[in-house]
Amino acid sequence: MRWVALALLVGVVGVVAGIPYVHNVDSGEGEVWAVLILHQHGVADDHIIVMMYDDIANSKENPHPGQIINRPGGPNVYPGVPKDYTGANVNLDNFLKVLKGDSEGLKGVGSGKVLKSGPNDRVFINLVDHGAPGLFALIGDILTTTNLTDAILSMHHNKQYKELTLYVESCESGSLFQKLPHDINVYAVSASNATESSYACYFEAELKTFLGDVFSIKWMEDTDRENVAKETLKKQYHVVESETKTSHVLQWGQISIDTEKVGAFVGSYKTGGDGGDKSSITSPDVPLALIQTHIQDSQGLIGSTFWHQEMDELKKNRTFVRDTMQKIIQQVTRDTEVTTRLMTDHHNVIFNHECYESSVMTFHNLCFNLGHNPYALRVVYALVNLCEHGYTAQEFTCSARAVCDFEPVIGIN
Ligand SMILES: *[C@@H]1O[C@H](CO)[C@@H](O)[C@H](O)[C@H]1NC(C)=O
Ligand SMILES: *[C@@H]1O[C@H](CO)[C@@H](O)[C@H](O)[C@H]1NC(C)=O
Ligand SMILES: *[C@@H]1O[C@H](CO)[C@@H](O)[C@H](O)[C@H]1NC(C)=O
């Protein structure tokens, strides 16, 4: 038997009435595609659980209402997609309940579907959203490395799987698996290593949006193309790893599981497909690139001033986030040189998870909600540095309380 959980998502970047459509990249299209793959490979709907923000098909900015495409010129892939948890029901609590099989806890919420797998089942989990060192953003919530590791350990303890495979696309996704044991039949593939961005690709000129992320597109295209009844996870890993030239795709956990067939996790009816990747850029640069395209397209036209202002505002917003982090750190260190070093040193591997995760929660709760301000994810590496330099989460919290006295903001991309 096979069970599949997909968590997925991301919101709209900018809503601009009457001016061409902009929505976020990391998007829902990939999820829809993943679900289609599972359908085509014969996985029954009642064994597929989908959490998706579901903001694309019916977004006011979508020029083709009710439709989602996942590659340039591709067909509408939206109809028939099971949507078990959408909108506000996509949150950490519900995600963990789905994994734990807690149907009581999800009574009356969304479809109420949870993993009902047992010791003979294979489970496949695909996560796609924004990330940062040691965390994965679930809309307004944060899934930390500890949260994910704990959930997996509890699934192991409760014999909820024979083998569990996770594919994760987010910036710094490798950092989610640094605490994953090697002996509990869990195998993971991350789109990027612990210290780099994953990449957005498939820039679609008409829609002015990126239609997927390189890693996700690569594994899904490979799954469409290959006979997954025969292809091993190991072979798929090598194909995806070599085709993803923009980040380091890595294997984690019990790597010996990679001799299993891909079809054991995603279903194994043979299907056909096509595709290929075009230009790609890092996810954090997407909002900049989108506005840049609008600026180019609107040269000399009425919209031009508007897009220049948007660009200025985007940059101002980002500076505010960065300055806030810098101010807090300055209050902690009381040493400008050290502060500069903590703010610029990017080579961060997390050892002190407790200090880091606790500081991130503080920053998320008191300063910038990381799910609603994706750019804030780009500065939390400074907290890894802070903790690795021996400062404490308590010191960070005290200073954050003093500095973050502004009204909550959303929409800093
Ligand atoms: C998730 O982890 C953070 C720290 O890493 C912790 O504070 C929080 O309570 C955890 N959440 C759940 C629901 O376990
Ligand atoms: C992670 O990726 C970055 C950027 O590509 C690279 O500089 C770094 O060496 C990589 N680290 C590891 C451990 O692979
Ligand atoms: C700038 O940030 C504000 C929230 O403080 C947000 O409402 C606005 O949309 C952002 N502007 C841009 C261009 O990202």
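Scanning segment 115-147 for residues that are more than 9 Å from ligand 1 (Cβ to nearest atom), among the β-branched types (Val, Ile, Thr) and out of contact with any strand residue (DSSP E or B) (no Cβ under 8 Å at 6 or more places or on another chain) yields one hit, Ile139.
Looking only at residues in segment 210-234 that are basic (Lys, Arg) and within 21 Å of Ser192 (Cβ to Cβ), the one that is surrounded by the fewest Cβ atoms within 10 Å (Cβ to Cβ) is Lys234. Per the listing Ile302, Ile328, the residue uniquely at pLDDT 95 or above and not assigned by TED's automatic domain parsing to the domain that holds Ala132 is Ile328. Of all residues in segment 342-365, those satisfying the criterion of being in a helix (DSSP H, G or I) and buried (at least 18 other Cβ atoms within 10 Å of the Cβ) are Leu342, Met343, His353, Cys355, Tyr356, Glu357, Ser358, Ser359, Val360, Thr362, Phe363, His364.
Mind listing whichever residues of segment 331-340 are surrounded by fewer than 18 Cβ atoms within 10 Å (Cβ to Cβ) and in contact with a Ser or Thr (Cβ under 9 Å, 6 or more places away or on another chain)? Within segment 331-340, Gln331 is the sole residue that qualifies.
Does Phe368 fit the bill of being within 28 Å of Glu313 (Cα to Cα), among the aromatic types (Phe, Trp, Tyr), within 16 Å of ligand 3 (Cβ to nearest atom) and surrounded by fewer than 19 Cβ atoms within 10 Å (Cβ to Cβ)? When the stated conditions are applied, Phe368 does not pass them. Looking only at residues in segment 101-121 that are surrounded by 21 or more Cβ atoms within 10 Å (Cβ to Cβ) and in contact with a Phe, Trp or Tyr (Cβ under 7 Å, 6 or more places away or on another chain), the one that is nearest to Tyr161 (Cα to Cα) is Ser117.
With respect to the stated conditions, Gln296 fails to be of a type outside the set (A, V, I, L, M), over 20 Å from Ser216 (Cβ atoms), surrounded by fewer than 16 Cβ atoms within 10 Å (Cβ to Cβ) and modelled with pLDDT of 90 or more.
Every listed requirement among (1) surrounded by fewer than 19 Cβ atoms within 10 Å (Cβ to Cβ); (2) at pLDDT below 85; (3) under 27 Å from Ser175 (Cβ atoms) is met by Lys278 save one, (3).
Residue-wise test of (1) among the charged types (D, E, K, R); (2) in contact (Cβ under 8 Å) with a residue 40 or more places away in the chain; (3) closer than 21 Å to Phe177 by Cα.
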position: Arg322; (1), (2), (3): yes, yes, no
position: Thr333; (1), (2), (3): no, yes, no
position: Thr362; (1), (2), (3): no, no, no
position: Ala382; (1), (2), (3): no, yes, yes
position: Cys404; (1), (2), (3): no, yes, no
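For segment 237-256: of the residues being surrounded by fewer than 22 Cβ atoms within 10 Å (Cβ to Cβ) and touching a Ser or Thr at 6+ places or on another chain (Cβ under 8 Å), which is farthest from Thr195 (Cα to Cα)? Once the filter is applied, the top-ranked residue is Trp252. Among residues of segment 143-165 that are on the phi > 0 side of the Ramachandran plot, none has a beta-carbon under 6 Å from a residue that is in a helix (DSSP H, G or I) and more than 10 Å from ligand 1 (Cβ to nearest atom) at least six positions away or on a different chain. Only strands (runs of 3 or more DSSP E) whose full extent lies in segment 165-237 are considered here, and the ones with at least 3 residues that are closer than 11 Å to Gln251 by Cα and modelled with pLDDT of 80 or more are 186-190. Go through (1) over 25 Å from Thr145 (Cβ atoms); (2) under 20 Å from the mean Cα position of the chain (by Cα) and name the single condition Glu407 misses. Unmet for Glu407, out of (1) over 25 Å from Thr145 (Cβ atoms); (2) under 20 Å from the mean Cα position of the chain (by Cα): (2).
The values are calculated or read from the model by the stated rules, or taken from the named source; none is laboratory data. Treat the numbers as computed from the prediction; the structure is a model and nothing was measured. As a convention, Cβ positions derive from the backbone with ideal geometry for all residues, glycine included, and neighbour counts pool all protein chains shown.
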